[in-house]
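**Q** One structure, pasted below without further comment.
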Amino acid sequence: MISSLAYHLIAGLPLVAYLGMATLILLFSTATVGFLNYRGNTKIPFRWHPRLAAATLAVAAVHAVFALSAYIGF
């Protein structure tokens, strides 16, 4: 059941691919906020760094479950 949702095509790509792209964008955003604050640029407050990290972990966990669902069989 999960694998049918994970591999449901949206605009020619499966949902799991979009989750992977979202995870990568969130990862780069998290790193960018941390790096900019380290360098002294506080245009984006540091409080956004842990929030982005939590969002990255949540999306990555869903992405992992979706990606592994085809191999595990659920």
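The values are calculated or read from the model by the stated rules, or taken from the named source; none is laboratory data. Note that this is a predicted model, so its numbers are computed, not measured. So basically every Cβ, Gly included, is an ideal-geometry build from the backbone, and we count neighbours across all protein chains shown. Keep in mind that these areas ignore ligands, DNA and RNA; they rest on the heavy atoms of the full protein, side chains included. Shrake-Rupley method; radii C 1.70, N 1.55, O 1.52, S 1.80 Å.
**Q** Which one of the conditions (1) open to solvent by 60 Å² or more (accessible area, probe 1.4 Å); (2) without any contact (Cβ under 8 Å) to a residue 12 or more places away in the chain does V62 fail to meet, given that it meets all the rest?
**A** (2)
**Q** For a quick check of your reading: which helices (runs of 4 or more DSSP H) sit entirely within the chain and have at least 2 residues that are modelled with pLDDT of 95 or more?
**A** Of the helices (runs of 4 or more DSSP H) lying wholly inside the chain, those with at least 2 residues that are modelled with pLDDT of 95 or more span 15-38, 48-72.
**Q** Does A70 satisfy the condition of being among the aliphatic types (A, V, I, L, M) and open to solvent by less than 70 Å² (accessible area, probe 1.4 Å)?
**A** The answer is yes for A70.
**Q** While we're looking at this one, here's another question. Quick one: in segment 1-15, of everything that is open to solvent by 40 Å² or more (accessible area, probe 1.4 Å) and without any contact (Cβ under 8 Å) to a residue 60 or more places away in the chain, which residue is nearest to R51 (Cα to Cα)?
**A** Across segment 1-15, the extreme among qualifying residues is L15.
**Q** Take the conditions free of Cβ contacts under 8 Å to residues at least 24 places away in the same chain, open to solvent by 50 Å² or more (accessible area, probe 1.4 Å) and under 11 Å from the mean Cα position of the chain (by Cα) and apply them to Y18. Does it pass?
**A** The answer is yes for Y18.
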